[in-house]
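The values are calculated or read from the model by the stated rules, or taken from the named source; none is laboratory data. Quantities reported herein were computed from a predicted structural model and do not represent experimental measurements. Positions of Cβ are generated from backbone atoms using ideal geometry, with glycine treated the same way; all protein chains shown enter the neighbour counts. Keep in mind that these areas ignore ligands, DNA and RNA; they rest on the heavy atoms of the full protein, side chains included. Shrake-Rupley method; radii C 1.70, N 1.55, O 1.52, S 1.80 Å.
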Amino acid sequence: MFAAMGVLVVAGVGVALFLPDQKPALSVPDRVCQEAVPGTHVESLLPESGAFEESSMNFMADASKGLGKCDLSGGGGDLEIKYSRIQEPDFTWDSVQQDASKPDNTPLSLGPASGYVGNNRAELFVDCPYSKVRKDALEVSVGIAGVSETEDSTRTAELSALTADVARAAARDVIGCECAADLPDSAPKIG
């Protein structure tokens, strides 16, 4: 009897060692960040398996105070999504272009919005003045943590596309920027 139990234990351990990990597949909802942003590009930026989690603040229309954050995670990967109104008098579009031309960055544009992508982070800046006399902008950023820093053109394209989705959602639906209609629904231009 003990010999039979021993054989079963050894067989069970052997099977467990050779079976693939049985983590559930990552399931991302159709819309994330309080349902403001399409989830299309999120799944490709997180590991394929694990539980999906979201923590969001100020991504609903009329709830914004000019600052919003959405953290998405799953399978050991994390996405940090943020938007904020830039109201600093020393902000210039030239500074965005200078940041885009830094060695680890690649220019990124979405119609009139411009920014950059590099090192698992993308930023887009959308013209969004409070009034005709101010030159305020909406800054949108998406960063990835828990993944390799190796440059990957597919990940760069997906990260840029998610950043464009966030820029459209924040400018059109959350903040209500005047130029939001000028942001195309197409993919952003990289390079």
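Of note:
- Test for SER64: is it within 16 Å of ALA169 (Cβ to Cβ), among the polar types (S, T, N, Q) and at pLDDT below 85: yes
- Within region 89-101, not a single residue is surrounded by 15 or more Cβ atoms within 10 Å (Cβ to Cβ) and in contact with a helix residue (DSSP H, G or I) (Cβ under 6 Å, 6 or more places away or on another chain).
- With respect to the conditions (1) under 19 Å from the mean Cα position of the chain (by Cα); (2) farther than 24 Å from VAL174 by Cβ; (3) at pLDDT 90 or above, SER49 falls short on a single one, namely (3).
- Of all residues in region 27-42, at least one satisfies being open to solvent by less than 70 Å² (accessible area, probe 1.4 Å), in a loop (DSSP other than H, G, I, E, B) and β-branched (Val, Ile, Thr).
- Checked against the criteria, PRO184 counts as over 12 Å from LEU124 (Cα atoms), of a type outside the set (Lys, Arg), at pLDDT 95 or above and open to solvent by less than 70 Å² (accessible area, probe 1.4 Å).
One line per residue, one yes/no per condition, for (1) in contact with a helix residue (DSSP H, G or I) (Cβ under 7 Å, 6 or more places away or on another chain); (2) of a type outside the set (Phe, Trp, Tyr); (3) over 18 Å from GLY66 (Cβ atoms):
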| position | (1), (2), (3) |
| --- | --- |
| ALA113 | yes, yes, no |
| GLY118 | no, yes, yes |
| ALA171 | yes, yes, no |
| VAL174 | no, yes, no |
